[in-house]
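Data first, discussion second: the structure below is written as structure tokens.
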Amino acid sequence: MITVNDIAVEFGGTTLFSELTFAINENDKIALMGKNGAGKSTLLKIVAGENKPTRGVISAPSDAVIAYLPQHLLTSDDCTVMEETSKAFAEVLNMKKEIDEINEQLTVRTDYESDEYMKLIERVSELSEKFYSIEEVNYEAEVEKVLKGLGFEREDFNRQTSEFSGGWRMRIELAKILLKKPDLILLDEPTNHMDIESIQWLEEFLINQAKAVMVISHDKTFVDNITNRTIEVTMGRIYDYKAVYSEYLELRKDRRIHQQKAYDEQQKFIAENQAFIDRFRGTFSKTESVQSRVKMLEKIVPIEVDEVDTSALKLKFPPSPRSGQYPVVVEGLSKSYGDHVVFKDANMVIERGQKVALVGKNGEGKSTMIKAIMGEIDFDGKLEVGHNAQIGYFAQNQASLLDGELTIFETIDQIAVGDVRTKIKDLLGAFMFKGDDIQKKVKVLSGGEKTRLAMIKLLLEPVNVLILDEPTNHLDMKTKDIIKDALRDFDGTLILVSHDRDFLDGLAEKVFEFGHKRVKEHFEDIKGFLAHKKMDSLKEIEK
């Protein structure tokens, strides 16, 4: 059991949270929830031992192994996939190396009676006892098994980690965690940059093989599938629910209703007593009564109602100018880089008003297809963008294309037209840019903040074909829901690349699957597609 005892974190006079106490038991699968800025990542780093609290302590058994996967990867760029993954066994291998070095010294030294010699004997005995109690493992075979399980091919093992995308580097880090067999796994936004198949693999691993887990994630389906407990960080304290995320939302709603009722009753009680004090202050016959009520009011502990995000502004895309019947037609399209074939003979017909999802593993060509549609790369085959198709494009690197010298407000003010000009502050507020924040320059914003700002820009452009490449990375659940509702009501054509099943659910009516150098059309929504894929993989296992 790992316990968090009375911890507090303060920055420059501001208290992020205080007096947090909870225990993490074996096999607990905990979702750590709360709005942006509540302190979730800070709390995770403290449990991981990466950060120190201002006050309080984290207690864990001396032999407990805690593995932490940060939001931003720390993978080295100077070694191969095999070398990086083998670092999972660094402690054991270093122990073996030290034992060998001491034994070497003991064979050549002759100062048998000296303190130094005795210290070496004590050290080698201590290390040997520890080392030989560890089950004998063929480390190379274990690394190979896990990497192959995570989708790496044997020829990938000796490639440099720097050659891989964010999703694949995440798997290298996960492989290291799996090989350590930790008592507690801490994950901060693990599904960002991961495709649907790798998310499903991660779910199955966490459910069936991991011990205790604590995760921060904006992927609602992922969180619901893997957790059995939810800890919410809000207003400097925590609420601990023995419930999955979707149940916790209902319980939180009930909690707020009861809080509000108690708060209203307390305010009424205070107002009535204050009115009595004001009315009879200075009246001799009521002096004692007035004094007792003043003392009583001074002792009241104010009831706080937990903050609730009121930014659920209804966003609407401007009406779409009418496009031709087929905004995108792809026939026999092939794309290669040197000897590497991304896909060949791809066919896609997207009709006006359709909402389609492009899915598949990272590196199978989804973003390549979009670049072809946008005319950013050359290719073999035929691709037609239909009559009057006006495309709005949100690239994976869209955030980096913003002008860093403009403020948040100026960025939107430049492109807003019509009625929306009077609602810029409301629009920015819906995406969590409030108060003085809107005067910040774009260059000082985090990646997530830039993503939100780029999304607002896209919302204001009058287009009839929207192409979104991984739009939900870095967005919290509230913002994703706002965007999803707006996209559902969008009357143009939508082409969506996303690994976020909950976001795609109820949005995409047709799926194009990228894999094995092919593009396969599925006339079903994302739920139907995933059910179909599960059946496929079962047949493959049977074969």
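The values are calculated or read from the model by the stated rules, or taken from the named source; none is laboratory data. The shown structure was predicted, so the numbers you read here are calculated from the model rather than taken from an experiment. Ideal geometry is used to build each Cβ from the backbone, glycine not excepted, and the neighbour counts take in all protein chains shown. Ligands, DNA and RNA are stripped out before the accessible areas are found, and what is left, the full protein with its side chains, is counted by its heavy atoms. Shrake-Rupley method; radii C 1.70, N 1.55, O 1.52, S 1.80 Å.
Miscellaneous remarks
- Alpha-carbon radius of gyration plus Dmax, which is the widest Cα pair, for the stretch 405-543 in Å: 18.5, 62
- Viscosity 1.002 mPa s, temperature 20 °C, Stokes-Einstein D of the chain from Kirkwood C-alpha radius, µm²/s: 78
- Taking 15 Å as the straight-line reach from the Cα of Lys440, the aspartates and glutamates in range (excluding those fewer than 8 positions away in the same chain) are Asp403, Glu405, Glu410, Asp413, Glu449.
- Dipole check for the chain: with +1 at the C-beta of Lys and Arg, -1 at the C-beta of Asp and Glu, and the Cα centre as origin, the magnitude is about 2320 Debye.
- Taking every protein chain into account, the 1.4 Å probe leaves Met118 with about 90 Å² of accessible area, to the nearest ten.
- Within the stretch 434-498: Cβ-based charge dipole about Cα centre, in debye rounded to nearest 20 (Lys, Arg +1; Asp, Glu -1): 300
- Evaluating 6.51 cos²θ - 1.76 cosθ + 1.60 at θ = phi - 60° for every residue in the stretch 336-345, the Karplus couplings come out as 10, 10, x, 7, 7, 8, 7, 7, 9, 6 Hz, glycine and proline recorded as x.
- For the stretch 1-38, the list of GluC sites (Glu not before Pro) that fall in a loop by DSSP and count at most 16 other C-beta atoms within 10 angstrom reads Glu26.
- Solvent-accessible area assigned to carbon and sulfur over the chain amounts to 49 percent, based on a 1.4 Å probe.
- Rolling a 1.4 Å probe over the heavy atoms of the protein chains gives the chain an accessible area of 52 Å² per residue.
- For a straight C-alpha distance cut-off of 19 angstrom, the aspartates and glutamates reachable from Lys52 (same-chain residues fewer than eight places away being disregarded) are Asp6, Glu10, Glu19, Asp188.
- The lysine pair count for the stretch 261-409, using Cα distances under 12 Å and pairs eight or more places apart or on different chains, is 5.
- For the stretch 122-275, with +1 on Lys and Arg beta carbons and -1 on Asp and Glu, the positive-most of Leu179, Ser162, Met214 along the dipole: Met214
- Neighbours of Tyr326, meaning other residues whose beta-carbon lies under 11 angstrom from its beta-carbon, give a summed charge of -1 when Lys and Arg score +1 and Asp and Glu score -1.
- Of the residues Glu113, Glu173, Glu524, ranked by 1.4 Å probe accessible area with the largest first, the sequence reads Glu113, Glu524, Glu173.
- Listed by chain and number, the aspartates and glutamates whose alpha-carbon sits under 19 Å from that of Lys253, ignoring those within fewer than 8 places in the same chain, are Asp224, Glu232, Asp240, Asp264, Glu265, Glu304, Asp306, Glu307, Asp309, Asp476, Asp481.
- Only protein heavy atoms count here; under a 1.4 Å probe, Trp201 has an accessible surface of about 60 Å².
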